[in-house]
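To keep things clear, I will list the structure first and then write my remarks on it.
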Amino acid sequence: MTNRQTRSGWKLQMWAPRHFLTALTALGAISATAAPVHAADHVIASPDGRTRISLSDQGGQANFTLQFKGQTLISPSPLGLVLDKGGALSGGVKITGATQRSVDETYELVVGKTRTVRDRYNETTVEFLETGGLQRRLTVIARAYDDGVAFRYLLPDQADLAGVAVVGEETRFDFAGDDRCWALNLGRFGTSHEGEYDPVMARGFRASALYELPVVCQTAKGASFALAEADLRNWAGLYLTGRGDGGLGLQTQLSPRLDDPGKAVLTRIGTDTVSSWRVVMVGETPGDLVASNLMTSLNPPTALTDTRWIKPGKAAWDWWNGGKVAGAEGMTDAAMKGFIDFAAAHKLEYMLIDDGWYVGSGQAPKVLPGTDVTRPIPAINIADLIAYGRQRGVGIMLWVHWKALDAQMDEALAAYQAWGVKGIKVDFMDRNDQQMVDFYHRLLSKAGEHQLMVDLHGAYRPTGLVRTYPHYVTQEGVLGAEYNKWSRRITATHNVTLPFTRMLLGPMDYTPGGFRNVAPKDFKSQFILPTVQTTRGQALAMYVVYDSPLTMVSDSPITYAASPAGLDFISAVPTSWDETRVLSGEIGQYIVIARRKGADWWVGAMTNEAGRTVKVPLSFLGNGAFSAEIREDGAEPTALKTRTQSVASKDTLTLKLAPGGGGVIRISPR
């Protein structure tokens, strides 16, 4: 294990120890016991007893089962890996040992949807042995939390498997019923991980499809669950496909390596190999899944000893609106200063300068010969812009193509820190194979050393890394507002599906703030100064509903000046929270969510193309008198109605949402 201390307080640690199981026993266990060795189910129950995952070797097959409140969600399903030495390690096995431990502790998140998280679970580590052939060993570590379960594979270092490669997995999720689900079929590897989560019954999953995570399902008996992946490192990204035998459920598929597509994971000789966590989030309602912190709890804590430089906030941004400000446009100092002035006037913490500022940029996704991410073009004086922003309380963030950055990473990150840049937006990775996963960790580790916040675009979906790298403040991997520039795909239904699907996994840089609101019948896609086919009320609600510690204010200062209704709310709303509660909602229909920052509560409500009136019970307020500032849809898509009233925890407010609309409430102590 190696350590390196830098000025930023970043302590870099090698994650994979020589003997992982030995290290595991030291990680905060309250109790640990050994179980007798026999061919019986090993049942791991959550601390509240509602969630149970069972591991078994019945019939010589490694498998697991999942129950929630006595209801079987996942029927007995295979576990195992496929290796290039000996093939599948799944059947023909027996359990040779098991140990248990329980953990109950708390941790704090530097940024995110909550501040303090209770990390409470029961864990069992089960050792499987192949009864014939090479007698290979495989360990499965399973945890049961109150809000879900997770398991991961550990392939112990063993002489006959030195240098082994993982070809794939035998893992399946065999559904107990024909559940109603929502899934994004990417169709292939190597994408930007953007698309719609469409409704599909479990019987409709196809083996020819390639589903992104999460896949979210509701059972007929009143349970909700989501399949996900956490703590992805030294492994390949996970996808799901329909079962090859046509049965209900899904099976796993790993992203292939670019240098050898027949393999997914290369291992290191002399070390244990550990997979990412396979996660099943569970709850009674879809809203329970939104409130879960399971993804971050499954990741290791940050090694940063000083996080004071990590400051969430909102950013003015030039790309979405076409770089237009009064009297200037495009990649020029005058235009960028116009955006900085706008950010300062409306108390935005940052200005993000997008593609085009350095030599060789401006033609993304291409990386041109001679590209240099440390040399601004003549029309851009980065030093002057950073000084200009500093004088006005606005930090500067810079866009960079990942390939160009990778070629100059050490030099570039050191330069950006020396210039006074606050963060970087890295774009166009569009992969989640093992090599790209390694790039993420290398970049995030080095960015932490140089005190740079990171926003990843063209990125694979989150795996909970914001706990380990709290400066990883947001990311794409979402079908966001940019698609308004060239398509009609950003509908109200899509917008209210995202909180229950993609947002379960972590922050999403949807890039809200479009103020050119029109009715769907009047919408026309346009690249410069795009319009949006949802209301101003929904535009405001996104800043509460959507999780993103760094959030764009995406429209042009020209647009905001011409139609400012609600801009003061955006200026004031936080982007990182102390507490989150989902008050009501249905996937693809509507959502009402409350978030607390300090003593103030902020409520956001969004609906699909159906207008509706939603109730907002205020029991979360506690004792005392409060003042509520309420904004809801007006007569036109750009209009708002505002009222203020005194409220208490016994009260229930109502919000009238127009079709494709939304509303917000700020509640402050009196």
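The values are calculated or read from the model by the stated rules, or taken from the named source; none is laboratory data. What you see is a predicted model, and the numbers here were worked out from it, not measured in a lab. Positions of Cβ are generated from backbone atoms using ideal geometry, with glycine treated the same way; all protein chains shown enter the neighbour counts.
Filter region 495-550 for residues that are among the basic types (K, R) and not in a loop (DSSP other than H, G, I, E, B); which is nearest to N321 (Cα to Cα)? Taking the candidates together, the pick is R536. Are any of the residues in region 328-336 in contact (Cβ under 8 Å) with a residue 60 or more places away in the chain and closer than 28 Å to D430 by Cβ? No, there is no match, as no residue in region 328-336 is in contact (Cβ under 8 Å) with a residue 60 or more places away in the chain and closer than 28 Å to D430 by Cβ. Comparison of G132, G112 shows that the only residue that is over 15 Å from R143 (Cβ atoms), small (G, A, S) and surrounded by fewer than 19 Cβ atoms within 10 Å (Cβ to Cβ) is G132.
When restricted to residues that are in a loop (DSSP other than H, G, I, E, B) and either in the same structural domain as R431 (by TED's automatic domain parsing) or within 15 Å of the chain's Cα centre (by Cα) (or both), region 234-263 contains 1. Evaluate the following for W320: is it buried (at least 24 other Cβ atoms within 10 Å of the Cβ), among the aromatic types (F, W, Y) and touching a residue at least 12 places away in the same chain (Cβ under 8 Å)? In short, yes. Is it the case that region 310-332 has a residue that's farther than 18 Å from P378 by Cα, assigned to a helix (DSSP H, G or I) and out of contact with any Pro (no Cβ under 9 Å at 6 or more places or on another chain)? Among the residues of region 310-332, not one is farther than 18 Å from P378 by Cα, assigned to a helix (DSSP H, G or I) and out of contact with any Pro (no Cβ under 9 Å at 6 or more places or on another chain), which makes the answer no. Looking across region 333-352 at every residue that is in contact with a helix residue (DSSP H, G or I) (Cβ under 6 Å, 6 or more places away or on another chain) and not in a helix (DSSP H, G or I), the one that is surrounded by the most Cβ atoms within 10 Å (Cβ to Cβ) is identified as M351. I'd like to know if region 214-224 contains one or more residues that are touching a residue at least 60 places away in the same chain (Cβ under 8 Å), under 16 Å from E169 (Cα atoms) and either in a loop (DSSP other than H, G, I, E, B) or not assigned by TED's automatic domain parsing to the domain that holds Y440 (or both). No, region 214-224 contains no residue that is touching a residue at least 60 places away in the same chain (Cβ under 8 Å), under 16 Å from E169 (Cα atoms) and either in a loop (DSSP other than H, G, I, E, B) or not assigned by TED's automatic domain parsing to the domain that holds Y440 (or both). Answer yes if at least one residue in region 575-582 is surrounded by 21 or more Cβ atoms within 10 Å (Cβ to Cβ), closer than 26 Å to L529 by Cα and within 23 Å of the chain's Cα centre (by Cα), and no otherwise. Yes - at least one qualifying residue is present in region 575-582.
Looking at region 175-195 only, could you name the residues that are of a type in the set (D, E, K, R) and either buried (at least 21 other Cβ atoms within 10 Å of the Cβ) or in contact with a helix residue (DSSP H, G or I) (Cβ under 9 Å, 6 or more places away or on another chain) (or both)? Across region 175-195, the qualifying residues are D178, D179, R180, E194.
Considering only region 415-423, I want to know if a residue exists there that is in contact with a Ser or Thr (Cβ under 9 Å, 6 or more places away or on another chain), surrounded by 24 or more Cβ atoms within 10 Å (Cβ to Cβ) and not acidic (D, E). Yes, that holds for at least one residue. Of the residues in region 494-508, not one is small (G, A, S) and over 10 Å from the mean Cα position of the chain (by Cα).
Residues in region 601-609 include at least one that is within 25 Å of I490 (Cα to Cα) and more than 25 Å from the chain's Cα centre (by Cα).
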